[in-house]
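Engineer: Below is the structure I would like to discuss, written out as structure tokens.
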Amino acid sequence: MIKHWFSSKKSDSDNLSSIADRLKSRSVLIVDDSKTQLFAMEKMLRSVGINTHTAENGKQGILMARHIKPDLILMDIVMPELNGFQATRHLTRQPDTCHIPIIIVSGSNQQSDKAWGLKLGAKDYIAKPVNKNELITKIDAWLSKRSVGPVKAIEEPEKTTDVFFQAV
């Protein structure tokens, strides 16, 4: 017991508290077609002072990202109208949104989904059900790495024949 009091190792709650101080007033856009997932992630993020915005599909997510310019985006994969892969690809190739880190949040824990999301421009991947400490830690890590200066958008290829990749 005495060793615990004098230990230099921080507890999870201490770590979360120091992270919360850094994340206060930062903004995160959550893009997910499940109202339950939106509510759960909003609750997690708001508990540490993060401002949240939500979108229920990829197309709405793109429009909101361009309008509110969040500090980070949490992107589901399987959604109506425009899926998370398509939305991620679009956002990471536009000059006004390419600097925003995107974390894929998916119910699928397949390596292929993770690899594909990263290839399309996402910075990280987290599987559902989302663990609050893991989510907050990843958000903190990516917002700490975010560059301050302007970022050049990735050039779009002139023509693509793959319907999956056509722009919004």
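The values are calculated or read from the model by the stated rules, or taken from the named source; none is laboratory data. Predicted model only: the values in this text are computed from it and were never measured. Glycine gets a Cβ as well: all are built from the backbone with ideal geometry, and neighbour counts include every protein chain shown.
Engineer: Testing Lys138 on (1) part of a helix (DSSP H, G or I); (2) more than 11 Å from the chain's Cα centre (by Cα), one condition comes back false. Which one is that?
Structural biologist: Of the numbered conditions (1) part of a helix (DSSP H, G or I); (2) more than 11 Å from the chain's Cα centre (by Cα), the odd one out for Lys138 is (2).
Engineer: So, one more: What is the residue count in the range 79-127 for residues that are hydrophobic (A, V, I, L, M, F, W, C), within 15 Å of the chain's Cα centre (by Cα) and assigned to a loop (DSSP other than H, G, I, E, B)?
Structural biologist: 4
Engineer: Return yes or no: is Phe85 within 14 Å of Gly121 (Cα to Cα), aromatic (Phe, Trp, Tyr) and modelled with pLDDT of 95 or more?
Structural biologist: Taking the combined requirement at face value, the residue satisfies it.
Engineer: Still on this structure, please answer the following. On the given criteria, is Ile154 modelled with pLDDT under 95, in a loop (DSSP other than H, G, I, E, B) and closer than 22 Å to Gly61 by Cβ?
Structural biologist: Taking the combined requirement at face value, the residue satisfies it.
Rundown of residues vs (1) farther than 21 Å from Glu134 by Cα; (2) surrounded by fewer than 23 Cβ atoms within 10 Å (Cβ to Cβ); (3) without any contact (Cβ under 8 Å) to a residue 24 or more places away in the chain, yes/no style:
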position	(1), (2), (3)
Lys24	no, yes, no
Asn51	no, yes, no
Ile62	yes, no, no
Asp76	no, no, no
